[in-house]
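The structure appears right after this line, and notes come after that.
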Amino acid sequence: MTGEYILRVEDIHKKFNDREILRGISFNVKKGATIVFIGPSGTGKSTLLRCINQLTEPDRGKVFLDDEEITGCGSRISGYRQRIGMVFQNFNLFDHLTAVENVEIAPIKVRKMKKEEAHAKAMEELHRVGMADWAHHYPAELSGGQAQRVSIARCLAMDPEVILFDEPTSALDPELTREVLEVMKDLARSGMTMLVVSHEMGFARSVATEIIFMEGGRIVEQGSPLEIMNNPKHPRTREFLGRIEHT
Amino acid sequence: MEILSVLLEWGPYLLGGIAITLGLTISALALGFCLGLPLALGQVYGSRPVRSLIAVYVWFFRGLPTLILLFLFYFGVFPALGLDFSAFVIGATVLGLRGAAYQSQIFRAGIQSVAEGQMTAALSLGMTRWEAVQCIIIPQALRISLPGWSNEYPELLTDSAVCYAIGVAELMTRTSQIVSVTYMTMPIYIACALIFIALNYGGMRVIRKAEERFAIPGFGGKAVQP
């Protein structure tokens with residue numbers, strides 16, 4: 001089994017106070033795969049992503065990146081986080097930096113890249129997400145869709161092996177959602193390994209290699225988009241999909 | 001006419017106090033900044049013992065009148081440590097230590113006002129907590145703190161007059177000396193007050209310029225208008 005997967009998640013448990021958010025989540029991710037997590041709100045999808053890059057420390061369970069265990073690795077976690085990018089629902093762009101500075105700061109400070117080299121890399125990534133013309137604008141001057149595209153560029157500038165998307169379009173209107181999804185589709189086609197928490201079923205249908213339906217901190221059902229969307233086996237999956245199709 | 005001749009005679013001596021008053025104020029402001037920021041970081045990110053120690057420091061320096069602190073350091077702490085510094089150095093140190101206690105609370109509020117997602121995003125990019133604090137949190141916290149921090153200048157400027165009590169030859173000391181020689185109380189004190197007002201106005205203009213220099217679109221907060 002090892003070697004075949006770029007990311008392995010084994011039996012992750014997480015409690016906040018007495019509330020059990022994750023109750024033993026396990027799955028494997030092949031290189032280049034796009035896994036879309038769906039499920040009702042408060043079911044632990046975002047917590048799961050944060051447990052993968054250890055922004056939230058799981059109570060139990062293991063995460064492996066390329067067969068290296070990253071759970072409980074102490075200060076080495078910063079090194080692993082460079083290899084696992086993350087895109088947030090609220091973009092979390094650094095408010096005091098322009099778009100290009102947002103993208104180049106991590107390569108400069110973390111990877112110790114020369115400023116000119118990092119700037120060129122940042123411009124290349126901004127170009128890739130269609131934001132090169134906005135390089136010298138501050139986050140407050142960007143629309144939600146533009147800000148999210150910059151945050152994707154910021155993530156790409158670190159050349160991650162996996163990107164975690166935590167509801168990247170939830171804060172956007174349909175028009176802005178479309179421009180962000182286009183960038184994500186291009187990324188998926190380029191072979192980037194992506195784990196996406198999203199209710200964008202059109203995106204899931206066209207790009208996902210696997211859909212995982214979660215509820216109550218557990219994986220209820222997982223399978224290919226065709227299996228999950230056309231022929232869901234579990235009644236809860238059917239009920240959930242029926243509900244979001246009518247909204 | 002007599003007032004005019006007194007002012008002409010003593011004016012240069014009085015104006016000479018400006019450099020001392022500004023020296024006290026700027027040294028104290030700088031010391032307060034250099035100490036206040038680490039104190040604020042310690043209060044937000046430090047361990048429980050560190051936070052407790054800083055709380056005691058802040059409580060002590062904010063809890064005592066400046067005059068008592070000056071006497072404690074001038075007659076007690078400095079001699080006990082075998083340090084033979086001038087009254088100016090002791091005055092600037094006390095004002096700076098006291099200012100640090102106040103400034104630390106301004107910066108602490110600034111740090112805590114930075115959205116939590118900023119730290120999360122920095123960590124997710126592979127920054128260590130310290131790198132995130134240095135590159136992301138401090139630059140934002142300082143901008144947020146600037147309006148509150150701008151009050152420190154007039155505060156320290158006016159507080160510097162207390163150094164009169166330990167014999168620093170600043171504006172207030174010189175004013176009192178001139179009054180004791182000329183017996184022209186009101187004109188001399190009014191001249192002194194006008195100098196303080198001018199220094200206050202000038203300093204706030206500089207702070208306002210700094211605020212404009214560091215302003216960022218969408219980032220709230222403006223320094224107090226002079």
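The values are calculated or read from the model by the stated rules, or taken from the named source; none is laboratory data. Everything numeric in this text was worked out from a predicted model, so none of it was measured. Note that we place each Cβ from the backbone using ideal geometry, even for glycine, and neighbour counts take in every protein chain shown.
The table below gives the values:
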| item | result |
| --- | --- |
| Qualifying position, being of a type in the set (D, E, K, R), more than 19 Å from the chain's Cα centre (by Cα), within 14 Å of another protein chain (Cβ to nearest Cβ) and more than 30 Å from residue B:4 (Cα to Cα), among B:129, B:143 | B:129 |
| Test: residue A:144 is away from chain B (no Cβ under 14 Å), out of contact with any strand residue (DSSP E or B) (no Cβ under 8 Å at 6 or more places or on another chain) and surrounded by fewer than 20 Cβ atoms within 10 Å (Cβ to Cβ) | no |
| Pick from region A:48-95, criterion hydroxyl-bearing (Ser, Thr, Tyr) and facing chain B (nearest Cβ under 9 Å), ranking: farthest from residue A:180 (Cα to Cα) | A:75 |
| Count - residues of region B:160-195 that are in contact with a helix residue (DSSP H, G or I) (Cβ under 7 Å, 6 or more places away or on another chain) and assigned to a helix (DSSP H, G or I) | 23 |
| Tally, over region B:11-54, of residues that are free of Cβ contacts under 8 Å to residues at least 60 places away in the same chain and crowded, with 19+ Cβ neighbours inside 10 Å | 1 |
| Condition check for residue A:3: surrounded by 17 or more Cβ atoms within 10 Å (Cβ to Cβ) and modelled with pLDDT under 95 | no |
| Leading residue by the ranking (nearest to the other protein chains (Cβ to nearest Cβ)) among those in region A:104-141 that are in contact with a Leu (Cβ under 6 Å, 6 or more places away or on another chain) and farther than 18 Å from residue A:182 by Cα | A:106 |
| Qualifying residue in region B:88-100 (condition: more than 14 Å from chain A (Cβ to nearest Cβ) and without any contact (Cβ under 8 Å) to a residue 24 or more places away in the chain) | yes |
| Close pairs from region B:187-209: first within 12 Å of residue B:161 (Cβ to Cβ), partner among the hydroxyl-bearing types (Ser, Thr, Tyr), Cβ under 6 Å, at least 6 apart | B:192/B:175 |
| Residue selected from region B:101-126 under the condition within 14 Å of another protein chain (Cβ to nearest Cβ) and among the β-branched types (Val, Ile, Thr), by the criterion surrounded by the fewest Cβ atoms within 10 Å (Cβ to Cβ) | B:120 |
